[in-house]
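Notes follow once the structure below has been shown.
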Amino acid sequence: MNRGHVYRKILGRIMEGVCLVAAVIAVLPLFTFLWHLFAQGFSSLSFSMFTQLPMPPGELGGGMKNAILGSVLVVGLATVVGIPVGIGAAIFMTEFAGPTIASALRFACDVLSGIPSIVMGLLAYQIVVVPMHHFSAVSGSVALAFIMLPVVVITTQEMLYLVPHSLREAGHALGIPTWRIASSIILRAAAPGVLTGMILSVSRIAGETAPMLFTAFGNPYLSLDPKSPISTLPHMIFNYAISPYDDWHRLAWGGALLLVLGILGATLLSRFILWWHQRSLNT
Amino acid sequence: MDLPTTEKPGSRSPGPVAPPKAPTHAMPPLSLSARVPDADAPPPVPEEPRRPLATRFPKRSSGRTADLIFRLATGACAAAVAGLIVVAIVFMVRGSIPAFKDHGLGAILSPEWDPTNQKYGALTFLFGTAYTSLIGMMIALPLGVLTAVALVEILPHSLSKVISLAVELLAAIPSVLLGLWGIFTLVPLVRSFEVSIYKSPLGLKNIPIFSGSPMGVGFLAAGLLLAIMALPFILSVTREVLLQVPVSQREAAYALGATRWQAIYNYILPYSWKGIFGAGLLGLARVLGETMAVTMVIGNTPQIKASLFASGYTLASVIANEFTEAPSILAISALISLGLILLVVSILLNAAARLMLIYLGRGSSSPREAK
């Protein structure tokens with residue numbers, strides 16, 4: 001009896017220790033990643049990265065101006081299409097659709113968000129690149145819009161559900177048409193949450209590389225024409241990372257730091273908006 | 001959940017009773033005060049055939065037209081989202097038809113991949129995807145579950161919040177950057193581990209999974225990266241599942257004199273193993289289609305070897321590497337058919353995992369609400 005008591009206590013301590021070690025291991029990758037990124041990235045981050053075009057290997061300097069602008073263009077185009085459609089679908093789900101249709105749509109979005117991004121790239125290739133007969137920035141945007149759409153819908157819909165039902169009833173009691181209720185009352189009440197969802201979905205697609213390989217394709221020159229091939233930051237980081245040149249590796253780390261600062265900054269910003277919103281709701 | 005059903009009657013009844021107003025254009029910025037009299041209007045005199053909206057709305061309140069337009073527009077958005085799955089399946093199937101016509105479904109299971117000579121066997125890629133996913137899940141699942149236990153049951157709330165935020169940030173890092181980190185940090189680490197195995201006096205290198213020369217790149221490095229990528233998903237779902245375990249379950253365990261670990265092992269984990277399985281499926285679905293990071297560290301050699309140290313190739317990485325250099329339309333179609341495999345498997349896995357989690361959420365919500 002007594003021995004069993006000691007045994008199970010010791011076993012409990014050991015297993016709790018194992019769990020704690022697991023928790024430490026779980027955060028280890030993020031910190032080693034960030035450590036290497038900052039150590040390597042800051043030294044190679046320079047002003048010329050933003051102002052110069054890529055140079056052939058061996059030549060000093062060179063930047064990622066074309067890729068940075070390209071990323072902004074491709075992600076921007078995708079956002080312009082993806083966010084309104086996503087928010088529209090979310091409004092339909094919460095304001096118009098019955099419970100069955102709403103949960104079916106939610107299920108579809110969950111499944112969609114799990115489709116590998118490279119498959120979305122293949123889809124955009126067939127829908128846009130094949131009819132156009134050449135790679136283009138637009139096709140990259142289409143692939144990114146496909147990827148971001150379910151993310152926007154899911155986050156927006158969750159935020160719209162949080163808006164108290166009494167607000168809708170109040171609107172109807174005043175005789176306001178449903179479209180005004182949805183756009184001026186519900187959407188406004190949920191605005192911080194919806195904004196958070198937008199930021200998260202943009203930061204999710206900003207780092208996508210796989211679909212870019214055969215849609216936006218890459219372009220060593222500066223191009224802002226949506227109909228021609230274009231470089232994006234993650235794609236260029238990939239090309240530089242697998243190259244054999246030290247110069248290019250350094251540029252890749254610099255670009256990586258830029259991308260991570262953008263994405264982590266956006267993620268933290270969105271969390272802050274939500275936190276601030278919830279705090280203001282509570283007081 | 002019952003929101004949409006309750007609001008409809010409310011939105012309909014006041015409108016038509018009001019005296020007809022001057023017809024306005026399609027979408028006027030209707031102010032609140034203008035509509036308030038409607039709500040105060042005399043109780044509905046059953047002014048008969050009110051149903052056929054389409055015939056009435058032109059003369060009636062313009063809110064009707066705008067509402068209909070709004071409803072159609074948002075409905076179209078929703079249809080576009082739902083239609084995306086159908087479009088994806090249709091286009092991927094259509095794209096792979098030439099390949100299937102040429103060499104049939106069975107040819108996929110041959111190990112020979114040589115597009116220039118019209119050999120399109122995908123067995124090596126299927127193996128690579130399965131093997132790397134297996135390695136990744138075997139690391140990520142125990143790690144994720146143990147971490148979730150630590151977060152929910154052991155650590156103080158503030159610390160566990162910080163840790164879960166850190167792991168969630170890990171999910172936000174693009175896979176190409178993890179691949180970059182993999183090339184320059186993880187692969188050298190893996191290589192030194194492999195060298196130490198290779199040189200070990202115990203003869204560990206004769207064990208099949210440790211055989212082969214230490215190169216660093218290969219299944220082990222890819223599996224480790226996949227584990228890192230799957231971890232956030234597994235951790236967050238498992239944490240949710242553990243949080244759903246009713247407090248009474250814990251109280252009962254402690255009342256019987258269980259130690260904390262006994263409560264976890266005998267009462268809390270058995271209560272949530274289905275949810276953990278769902279978490280595993282979700283993680284697996286993520287891992288299967290992962291492209292960039294794997295492509296950067298797996299070595300890209302189409303071969304089937306049991307050794308963890310051997311280099312390999314996965315479905316996603318062969319698409320990424322060879323698509324733009326495909327020598328023929330047929331080769332493109334063959335690569336699209338590999339994408340179709342990924343699509344179908346990921347849809348099935350995600351659907352299974354979601355259904356499982358939905359079912360669980362329904363099943364376990366009742367004790368929680370009773371509390």
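Any read-out appearing in this document is the output of simple, stated calculations on the displayed coordinates, not a laboratory observation. For clarity, every value in this text was computed on a predicted model and none was experimentally measured. Cβ: placed from backbone, ideal geometry, glycine included. Neighbour counts: every protein chain shown.
Starting from the Cα gyration tensor of the stretch A:7-95, take the square roots of the eigenvalues, sort them a ≥ b ≥ c, and report rounded, prolate or oblate (rounded when a/c is under 1.5, otherwise prolate if a/b is larger than b/c, else oblate). Taking the square roots of the gyration eigenvalues as a ≥ b ≥ c, the stretch A:7-95 is oblate. Highest mobility in the GNM of chain A, judged by mean-square fluctuation with C-alpha springs under 10 Å and restricted to A:Pro84, A:Pro226, A:Pro99, is found for A:Pro99.
Between B:Ile358 and B:Ala76, the simple label model (points 7 Å from Cα in the Cβ direction) yields a spacing of 2.8 nm.
Volume per residue for the stretch A:80-205 equals 107 cubic angstrom (convex hull of Cα atoms). Using r as the Cβ-Cβ distance of A:Ser166 and B:Leu165, and R0 as 35 Å, what FRET efficiency do you calculate, to the nearest 0.05? According to the calculation, E is roughly 0.60.
Between A:Val80 and A:Trp35, full extension at 0.36 nm per residue minus the direct alpha carbon distance yields a gain of 12.7 nm. Using a simple spin-label model with pseudo-atoms 7 Å out from Cα toward Cβ, B:Ile69 and B:Asp102 lie 5.1 nm apart. Mean partner shielding of peptide B:180-192, defined as the number of other chain Cβ atoms within 10 Å of each residue Cβ, is 4.
If the chain linking B:Asp114 and B:Lys199 were pulled fully straight, counting 0.36 nm for each residue of separation and taking away their Cα-Cα distance, it would gain 27.0 nm. Take each residue of peptide B:243-253, count the partner chain Cβ atoms within 10 Å of its Cβ, and average: the result is 0.
Calculated FRET efficiency, A:Lys227 to B:Val93, Cβ-Cβ distance, R0 = 41 Å: about 0.90 to the nearest 0.05. If R₀ is 45 angstrom, what is the calculated FRET efficiency for the pair A:Val21 and A:Ser103, using the beta carbon separation as r and rounding to 0.05? Here the calculated transfer efficiency is 0.65. Quick check for you: which residues of the stretch B:331-353 have the amide N under 18 Å from the point 7 Å beyond the Cα of B:Leu123 toward its beta carbon? Under cut-off, by backbone N: B:338. Annotation: amide H-H contacts under 5 Å for B:Trp113 (H modelled 1.01 Å from N, sequence separation of 5 or more, or interchain): B:Gly121. Comparing A:Leu11, A:Leu224, A:Leu261 in a Gaussian network model of chain A (Cα springs below 10 Å), the most mobile by mean-square fluctuation is A:Leu11.
Averaged over the residues of A:28-38, the number of partner chain Cβ atoms lying within 10 Å of the residue Cβ comes to 6. Pick from A:Ala189, A:Ala143, A:Ala67: which residue has the top mean-square fluctuation in a GNM of chain A where Cα pairs under 10 Å get a spring? Result for chain A, Cα springs under 10 Å: A:Ala189 fluctuates most. Over the protein assembly as shown, dividing the summed -39,500 (n - 2.57) contributions of all DSSP H runs of at least 4 residues by the number of residues returns a 222 nm mean residue ellipticity of -22500 deg cm²/dmol. Rounded to the nearest 20, the Cβ-based charge dipole of the protein assembly as shown about its Cα centre (Lys and Arg +1, Asp and Glu -1) stands at 1400 debye.
Computed with the Debye formula from one identical point scatterer per Cα of the protein assembly as shown, without solvent, the log10 of I(q)/I(0) at q = 0.09, 0.11 Å⁻¹ comes to -0.84, -1.17.
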